[in-house]
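Here's the structure we're looking at; comments come further down.
The numbers here are math on the coordinates, done by the rules we state, and not lab data. Everything numeric in this text was worked out from a predicted model, so none of it was measured. Virtual Cβ from ideal backbone geometry, glycine too; neighbours counted across all protein chains shown.
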Amino acid sequence: MITSGIFFKNFELKKKSPKIKKKLEKFIAENNSITQSLKKNYQDFFKKKELKKYKSFKNIRVIGMGGSSLGTEAIYDFLKYKITKKFTFINNLNPKFKKENNKKILNLIVSKSGNTIETIVNANILIKKKDKNIFITENKKNYLYLLGQKLKADIIHHNNYIGGRYSVLSEVGMLPAELMGLDSKKFRQFNNLIKNRKFLNALISNVGSTLYFIKKEKFNSIIINYDKQSENLFNWYQQLIAESLGKKSKGLLPIISSMPRDNHSVMQLYLDGFKKNFFTFFYVDEKNSTKIINKDVLSPYNFIKNKSVGNIAFAQKKASENIFKKKNIPFRSFEIKKRDEKTLGELFCFFMLETILLGKALKVNPYDQPAVETIKKETRNILI
């Protein structure tokens, strides 16, 4: 156990990583805006008491792209059992939007730059006069800032120094978390984690192993996910890894497999196909998983009696890990013992720190996305 909620088994490589340890120590000492947002004492650009006026809203719509939405979606799905309000996420363009004219809706419009064209288009189509609106954007006179002023909406400052994919533990993710009825302070575990030797050792050795795979030209990082409620966590992770590291002809391609469904499609390739992959198994231990109905089980399958759906999924995970081990296919494994804010915050921290350390080791800037900016400019040129 690297924390009280996370059991982690690293890749079976004995790679010492003294340089990674030094990079981690240096990063922690830098105390930049990203590390600040991970700490309990981070000063959000909103006050909890100011959100009380939105307490009556049962339908909340988040309009944003990429990191402006994905982290919040991960929180909502992973902790849905705690949340009574309905959140809808508008995170893409849709030529045929279904307009909800009769519902009392709170719109949360998020864009760091305030000039994201998809967010502008979606806000233009969906926001109605009777809606209430909160804008999270940089404190500049960008498009969404000006729109927020026009609508007399609350405008929350988006920290200028935290990019979207690293912003989940800032106001971008924590304001909606508070609207969900969750405790934002419980997510921020950085102060505890940097004192946790097991966590730090796992992180450092994990980064060392990943660099070894990259050196061996294994560029496909495949997530074997057994928890449906974590799909958006890995959509967030996919952006984090791909956008942070995909520069200078370097990077990793994160691929998400939903299990056990994908046992019946791509698993054959994973086991016997090309050897350019390494894997992450991810499983959440559900305490109240649905039970098999014993009286309806036919005799050839008596072995599933008294089992739950979770028991069967866990057996499939262990079976897959056993076969991977026999075939010398590299994998690491997460087993989540607690589904709560603290554990999810620890996972966010692990993956963000992992990504930053990989970026520094690969000598790429893990915070920018210059190639994506060229598409934004070209799109604007075509539309003008």
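Hey, what number do you get for the chain at 222 nm if only DSSP H runs of n ≥ 4 count, each worth -39500 (n - 2.57), divided across all residues, to the nearest 500? Using -39500 (n - 2.57) per qualifying helix, the result is -12500 deg cm²/dmol. What longest range of the chain stays clear of loop-exposed chymotrypsin sites (Phe, Trp or Tyr not before Pro) (DSSP non-H/G/I/E/B, at most 13 other C-beta within 10 angstrom)? Longest stretch, sites excluded: 162-273. In straight-distance terms, cross-link reach from LYS141 covers every one of the aspartates and glutamates whose alpha-carbon lies under 17 Å from its own, apart from those fewer than eight places away in the same chain; here that gives ASP154. Helix 117-126 and the longest principal axis of the Cα set of the chain meet at an angle near 70°. For the range 140-168, the residues whose backbone nitrogen is under 17 Å from a point 7 Å from the Cα of LYS47, taken along Cα to Cβ, are 154-157. Among the listed pairs LYS218/LYS363; LYS98/LYS338; LYS132/LYS377; LYS276/LYS326, those whose Cα-Cα separation exceeds 26 Å are LYS98/LYS338; LYS132/LYS377. The Cα-based radius of gyration and maximum Cα-Cα distance (Dmax) for the range 43-185 are 13.8, 40 Å. For the range 264-281, backbone phi angles converted through the Karplus equation (6.51, -1.76, 1.60; θ = phi - 60°) give residue-by-residue couplings of 9, 9, 9, 4, 4, 5, 4, 7, 10, x, 4, 10, 9, 10, 9, 10, 10, 8 Hz, Gly and Pro being listed as x. Cβ-to-Cβ counts within 10 Å put LEU362, LEU51 in ascending order as LEU51, LEU362, the fewest first. Taking Cα atoms only, the orientation of helix 18-30 departs from the longest principal axis of the chain by about 20 degrees. Relative to the longest principal axis of the Cα atoms of the chain, the long axis of helix 309-326 makes an angle of roughly 60 degrees. If the Kirkwood radius is taken over C-alpha pairs of the chain, then at 20 °C and 1.002 mPa s the Stokes-Einstein diffusion coefficient equals 96 µm²/s. Placing a label point 7 Å from the Cα of SER4 along the Cα-to-Cβ direction, the residues of the range 345-376 whose backbone N falls under 16 Å from that point are 345-347. Here the range 106-122 and the range 37-69 have alpha carbon centers that stand 15 Å from each other.
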